[in-house]
1. What is the dipole size for the range 141-203, taken about its Cα centre, with +1 at each Lys and Arg Cβ and -1 at each Asp and Glu Cβ, in debye to the nearest 20?
2. Sequence gap at least 6, Cα distance under 8 Å: using those rules, report the relative contact order of the range 84-234 to the nearest whole percent.
3. Could you give the semi-axes, largest first, of the ellipsoid that matches the range 212-333, computed as the square roots of 5 times the alpha carbon gyration tensor eigenvalues and rounded to whole Å?
4. Mind computing the radius of gyration and Dmax over the alpha-carbon atoms of the range 9-167? Å is fine for both.
5. How big is the antiparallel share of DSSP beta bridges in the chain, given as a percent to the nearest 5?
6. Where a ≥ b ≥ c are the square roots of the eigenvalues of the C-alpha gyration tensor, would you call the range 125-227 rounded, which needs a/c under 1.5, or, failing that, prolate if a/b is larger than b/c, or oblate?
7. Scan (i) 6, 27, 38, 24, 5, 0; (ii) 6, 26, 35, 25, 8, 1, 0; (iii) 5, 21, 24, 20, 17, 11, 3, 0 for the value of P(r) over Cα pairs in 10 Å bins from 0, in percent calculated from this model and give just the label.
8. Sort the following peptides by mean Cβ neighbour count (other Cβ atoms within 10 Å, averaged over residues), highest first: 12-24, 257-269.
Amino acid sequence: MTFEQINTDLKNKIYKQVYFLMGDEPFFIDKITNYIHKNVLTEAEKAFNLSVVYGKDTDIRDLINTARRFPMMSNYHVVILKEAQEIKNIDTLIYYVEKPLKSTILVVNYKYDTIDKRKKLYKALDRDKDVVIFESKKLYDSQIPKWIDSFLLQKGYSIEPKSAMLLSEYLGNDLSKIVNELEKLTIVLPENTKINSEHIEKNIGISKDFNVFELQNAIANKNILKANRIINYFAKNQKQHNIIPTISALFNFFTKILQYHFVKDKSQRNVAATIGVSPYFVKDYSLAARNYNAKKTVQTISLLREYDMKSKGVDNVSTAPGELLRELIYKIMH
């Protein structure tokens, strides 16, 4: 089942007997778990019918015994196992999964990992219609702007494509971190606001003029003066603008430029789908491709790899990050 399907069922009070939530992205696991924790039982029912245990502090046999306990003055007994990846002999859970108690809702948080799909436990979970097995996967960087847009629409807000990209470049793909920052905006801005870079700068602190996204634009446009201003700002603010994620962002940018060069159908929709960007940004890649032919793009990608290693201390003993970035951008733009 998808996160959206699980969420819809929970809101409609359609509950399953076991929720096995696993994977690398904790955000969706926490959202499902917290909803069940807060909404299945009333506050009065929780005193006797809510059990929250942790993998490193419990035994699988004790967990099964807890799950087999009948509720008191309630329709359900909710059992939540957090940090399930820490529990020993998780495969033993199969003895409960094969005969779950109908009045128990067992929620298993198996974060940052997945169980072996070849083993009996997974197969038992997968074939039972009263069991939800959900794999929470990390979103790709290219999916984050669209996810930000969707999240805000559900809250009654919209966001400019450029601003969604700015947040994505600055915050990465940690959804919990992104949501924390977006909620700051929804608290201070009235509903139906279209969020722009000024809102982000004022409330989150990301400069609308000095950021990786603007650096990419300066490089794409061959605007040497603007690029140098941004580099100087980064050099003075290395805590907020570390060279390693900056190079990573530029590497992704030039990789997409290279992809653009070899796309035969250069219609906006096809380019956007092929290289994985919003149609809004296709014109930027078109301009960059005119300024950086395929040969130069390949050379730039090679430079980015070289300076990524240097930024991590390989073949570099004394050059400061700010100077490394200046060297790199000079070589890219000349």
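None of the figures in this text is laboratory data; all of them are computed from the coordinates on show. None of these values were measured; they are calculated from a predicted model. When we count neighbours, we look across all protein chains shown, and the Cβ atoms used for this are built from the backbone with ideal geometry, even at glycine.
1. On the way: 7 positive and 10 negative charges, 24 e Å.
Computed about the Cα centre, the dipole is about 120 debye.
2. Details: 118 pairs, mean separation 23.7, N = 151.
Relative contact order, the range 84-234: 16 percent.
3. On the way: eigenvalues 142, 43, 30 Å².
Working from the Cα gyration tensor, I get semi-axes of 27, 15, 12 Å.
4. Rg, Dmax (Cα atoms, Å): 17.5, 53.
5. Details: 1 of 24 bridges.
Percent antiparallel among DSSP bridges in the chain is about 5.
6. Values: a/c = 3.03, a/b = 1.67, b/c = 1.81.
Oblate, since a/c reaches 1.5 and b/c is not below a/b.
7. (iii)
8. Details: 12-24: 17.6, 257-269: 14.0.
Descending packing order for the listed peptides: 12-24, 257-269.
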